[in-house]
1. Restricting attention to segment 78-92, report how many residues are in contact with a helix residue (DSSP H, G or I) (Cβ under 6 Å, 6 or more places away or on another chain), closer than 17 Å to residue 35 by Cβ and open to solvent by less than 20 Å² (accessible area, probe 1.4 Å).
2. Taking the residues in segment 41-60 that are in a loop (DSSP other than H, G, I, E, B) and in contact with a Gly (Cβ under 9 Å, 6 or more places away or on another chain) as candidates, determine which candidate is modelled with the highest pLDDT.
3. Pairs only if they're at least six apart or on different chains, beta carbon under 6 angstrom, first in segment 1-24 and over 17 Å from residue 50 (Cα atoms), second surrounded by 14 or more Cβ atoms within 10 Å (Cβ to Cβ) and among the β-branched types (Val, Ile, Thr); list them, first residue then second.
4. One residue is enough: does segment 33-40 have a residue meeting the conditions part of a helix (DSSP H, G or I), open to solvent by less than 40 Å² (accessible area, probe 1.4 Å) and of a type in the set (A, V, I, L, M, F, W, C)?
5. Residues that are in contact with a strand residue (DSSP E or B) (Cβ under 9 Å, 6 or more places away or on another chain), within 16 Å of residue 91 (Cα to Cα), among the charged types (D, E, K, R) and at pLDDT 90 or above: does segment 29-39 have at least one?
6. Being touching a helix residue (DSSP H, G or I) at 6+ places or on another chain (Cβ under 6 Å) and among the polar types (S, T, N, Q) narrows it down to one of 98, 37, 68, 31, so name that one.
7. When you look at residue 23, is it more than 12 Å from the chain's Cα centre (by Cα), aromatic (Phe, Trp, Tyr) and surrounded by 17 or more Cβ atoms within 10 Å (Cβ to Cβ), yes or no?
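The values are calculated or read from the model by the stated rules, or taken from the named source; none is laboratory data. This is a predicted model, so every value here is computed, not measured. Neighbour counts run over all protein chains shown; Cβ positions are idealised from the backbone, glycine included. The area values use the complete protein model at the heavy-atom level, side chains included, leaving out ligands, DNA and RNA. Shrake-Rupley method; radii C 1.70, N 1.55, O 1.52, S 1.80 Å.
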Amino acid sequence: TFPDLDTSIGRFVTRMDKNPYGFALTLTEYTPVFSYTIKSEEELARAIARALPTGVGGGEQYAFTDVTISNQNMRVGVSGSSTVAYAFIGTNTLIISTSTEGLSSIASGIIK
């Protein structure tokens, strides 16, 4: 689903679950994945946009902001009409979606 990310974070993903809101990736190591997301946020955003029905923003870079909803820290990027969002749940799960609502829905299925 994310072929662009195979060489960067793919080796740290042991499982990928897809649902109507996006994806939950189970990670073996937090630090290198977190470092990648911060260092290569634009590359991550474009990979998410290609995998989810958001389309890639019209050549513009994604502008990211921090959002916190129900104590869940999220990063939301917007480029033109394209929106991508991601968050970590603990140190072993990365969730991605096209909205904060999508991330909240994915997280509610994981955090019981």
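1. Quick first cut of segment 78-92, residues in contact with a helix residue (DSSP H, G or I) (Cβ under 6 Å, 6 or more places away or on another chain) only: 82, 84-85, 87, 89, 91.
Restricting the remaining residues to those that are closer than 17 Å to residue 35 by Cβ gives 87, 91.
If we keep only those that are open to solvent by less than 20 Å² (accessible area, probe 1.4 Å) too, we end up with 87.
Matching residues across segment 78-92 total 1.
2. Applying the first criterion (in a loop (DSSP other than H, G, I, E, B)) to segment 41-60 yields 52-60.
From what is left, the residues that are in contact with a Gly (Cβ under 9 Å, 6 or more places away or on another chain) are 52, 55-60.
Numbers: 52: 83, 55: 61, 56: 60, 57: 57, 58: 59, 59: 67, 60: 80.
Only one residue tops the list, namely 52.
3. Filtered contacts from segment 1-24: 12/33; 14/26; 15/26.
4. Just the residues of segment 33-40 that are part of a helix (DSSP H, G or I), to begin with: 33-39.
This time we only want the ones that are open to solvent by less than 40 Å² (accessible area, probe 1.4 Å), so: 33, 36-37.
Those left that are additionally of a type in the set (A, V, I, L, M, F, W, C): 33.
Yes; the residues of segment 33-40 include at least one that is part of a helix (DSSP H, G or I), open to solvent by less than 40 Å² (accessible area, probe 1.4 Å) and of a type in the set (A, V, I, L, M, F, W, C).
5. Within segment 29-39 (the criterion being in contact with a strand residue (DSSP E or B) (Cβ under 9 Å, 6 or more places away or on another chain), within 16 Å of residue 91 (Cα to Cα), among the charged types (D, E, K, R) and at pLDDT 90 or above), the answer is no, since none of the residues qualifies.
6. Values: 98 fails: touching a helix residue (DSSP H, G or I) at 6+ places or on another chain (Cβ under 6 Å); 68 fails: touching a helix residue (DSSP H, G or I) at 6+ places or on another chain (Cβ under 6 Å); 31 fails: touching a helix residue (DSSP H, G or I) at 6+ places or on another chain (Cβ under 6 Å).
Answer to the check: 37.
7. Details: more than 12 Å from the chain's Cα centre (by Cα): no; aromatic (Phe, Trp, Tyr): yes; surrounded by 17 or more Cβ atoms within 10 Å (Cβ to Cβ): yes.
For residue 23, the condition - more than 12 Å from the chain's Cα centre (by Cα), aromatic (Phe, Trp, Tyr) and surrounded by 17 or more Cβ atoms within 10 Å (Cβ to Cβ) - is not met.
Condition check ((1) closer than 15 Å to residue 23 by Cβ; (2) in a loop (DSSP other than H, G, I, E, B); (3) among the charged types (D, E, K, R)) across all residues:
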position: 64; (1), (2), (3): no, no, no
position: 68; (1), (2), (3): no, no, no
position: 73; (1), (2), (3): no, no, no
position: 86; (1), (2), (3): yes, no, no
position: 91; (1), (2), (3): no, yes, no
position: 103; (1), (2), (3): yes, no, no
